[in-house]
Amino acid sequence: MNRLILGDGILGTELIKLTGWDYISRKKDGIDFRNIDSYKDHLFGYDEIINCIACTNTYDENKEENWDTNYKGVVDLVDYLTDKDMKLVYFSTDYVYAKSKKNASEKDVPIHDANWYTYSKVISEPYIELRLDKYLILRATHKPRPFIFDKALISQVGNFDYIDTVVKIYIDLIEGDAKGIYNVGTELKTMYDLAKQTRDDVVPTNEKFHDTMPLDVSMNLNKLKKFYED
C-alpha cells in the first residue's frame, strides 16, 4: 500500500516520524493546498492520500483562511480523487459535536460551535462522503506534548489526548483499512487532567479561552473499540 501524507505540521510530522511514509509540503516542495495544480502531479502512484493540511487556529475569525484551506482546498482534492481508485484520509475534529448530544456517536448529527474552523470541518465531511467511495474521516483532538499553555480548563471534558498517543490510533486505523467515520480518543478526562500529565506547574481554571469553546466534547468510542476487538 503506497501512502502519501500532505503536510508536515504537528500532525504530519508525527505521522512521518512514526511511519516513514512519503510526504509533500509547502516547506519541502513549495505546494499550495489552495491550488491543486501546485501538487496534483505528486499524487500519481499512491493508493492513499492522507491530508494533514488545515487551518487549525480554532478561534480565528478570518473566514476566508478557514474556507479556502479547510473547505475549498478539500473540495478540489476530493474532485481530483473522485474518478481515481484512491482513498482519502481526512482529519476532522471532535468539535463538530460542540452543540450536538453528549457522548455523541458517529451516527449522531454533528452540530458545530460558532467559529469558522469547526464550520469548515462540518461542511467538508459530507462532501467527502457524497463524492468518494473510499475515505476515512477521523474526529479527534490531539495536543502537543508537553501541554503548551500555562492554564487548563477543569470544566472541559473530552476524549482528547497528546499527539503521539492519538497518532498511534490513527496509524492503526489507516493500516487496518478502516473506512467511514471514526471517533478517536482515549478515556474521558478534563483538559486539566491531560495537562497535569506533562506539566506540574499548570494552573486549573474555569475561564474559557473563547466564548465559543465547548465544555463537553465527549464522544462515544464504541466503534473504535470494536475495530480493535475485531
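Residue-wise test of (1) buried (at least 20 other Cβ atoms within 10 Å of the Cβ); (2) under 14 Å from Ser92 (Cβ atoms); (3) basic (Lys, Arg); (4) without any contact (Cβ under 8 Å) to a residue 12 or more places away in the chain.
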| site | (1), (2), (3), (4) |
| --- | --- |
| Lys121 | yes, yes, yes, no |
| Asp133 | no, no, no, yes |
| Ile137 | yes, yes, no, no |
| Ile148 | no, no, no, yes |
| Tyr162 | no, no, no, no |
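Summed over segment 164-173, residues that are of a type in the set (Lys, Arg) and either over 27 Å from Leu4 (Cβ atoms) or open to solvent by less than 10 Å² (accessible area, probe 1.4 Å) (or both) total 0.
Which is within 26 Å of Lys196 (Cα to Cα) and of a type in the set (Phe, Trp, Tyr), of Tyr97, Tyr90, Tyr135, Tyr117? Reasoning before the result, please.
Details: Tyr90 fails: within 26 Å of Lys196 (Cα to Cα); Tyr135 fails: within 26 Å of Lys196 (Cα to Cα); Tyr117 fails: within 26 Å of Lys196 (Cα to Cα).
Tyr97 is the lone residue from the list that is within 26 Å of Lys196 (Cα to Cα) and of a type in the set (Phe, Trp, Tyr).
I'd like to know if segment 69-84 contains one or more residues that are in contact with a helix residue (DSSP H, G or I) (Cβ under 9 Å, 6 or more places away or on another chain), buried (at least 19 other Cβ atoms within 10 Å of the Cβ), closer than 19 Å to Ala178 by Cβ and not small (Gly, Ala, Ser). Checking segment 69-84: at least one residue is in contact with a helix residue (DSSP H, G or I) (Cβ under 9 Å, 6 or more places away or on another chain), buried (at least 19 other Cβ atoms within 10 Å of the Cβ), closer than 19 Å to Ala178 by Cβ and not small (Gly, Ala, Ser). Of the residues Ala140, Ala98, Ala114, Ala104, the single one that is of a type in the set (Gly, Ala, Ser) and touching a Pro at 6+ places or on another chain (Cβ under 6 Å) is Ala98. Scan segment 31-78 for residues that are over 23 Å from Lys134 (Cα atoms), β-branched (Val, Ile, Thr) and touching a Ser or Thr at 6+ places or on another chain (Cβ under 7 Å) and the total you get is 1.
Residues of segment 88-107 that are touching a helix residue (DSSP H, G or I) at 6+ places or on another chain (Cβ under 8 Å) and either surrounded by 19 or more Cβ atoms within 10 Å (Cβ to Cβ) or without any contact (Cβ under 8 Å) to a residue 40 or more places away in the chain (or both): Leu88, Val89, Tyr90, Phe91, Ser92, Thr93, Tyr95, Val96, Ala98, Ala104. Pairs are defined by a Cβ separation below 7 Å, a sequence spacing of at least 6 or placement on different chains, a first member in segment 198-215 that is in contact (Cβ under 8 Å) with a residue 60 or more places away in the chain and open to solvent by less than 80 Å² (accessible area, probe 1.4 Å), and a second member that is outside any loop (DSSP other than H, G, I, E, B) and not hydrophobic (A, V, I, L, M, F, W, C); the pairs so defined are Pro214/Tyr95.
The values are calculated or read from the model by the stated rules, or taken from the named source; none is laboratory data. Keep in mind that what you see is a predicted model, and the values were worked out from it rather than measured. Reconstructed Cβ throughout: ideal geometry from the backbone, glycine too, with neighbour counts over all protein chains shown. Side chains included, ligands, DNA and RNA excluded: accessible areas come from the protein's heavy atoms. Shrake-Rupley method; radii C 1.70, N 1.55, O 1.52, S 1.80 Å.
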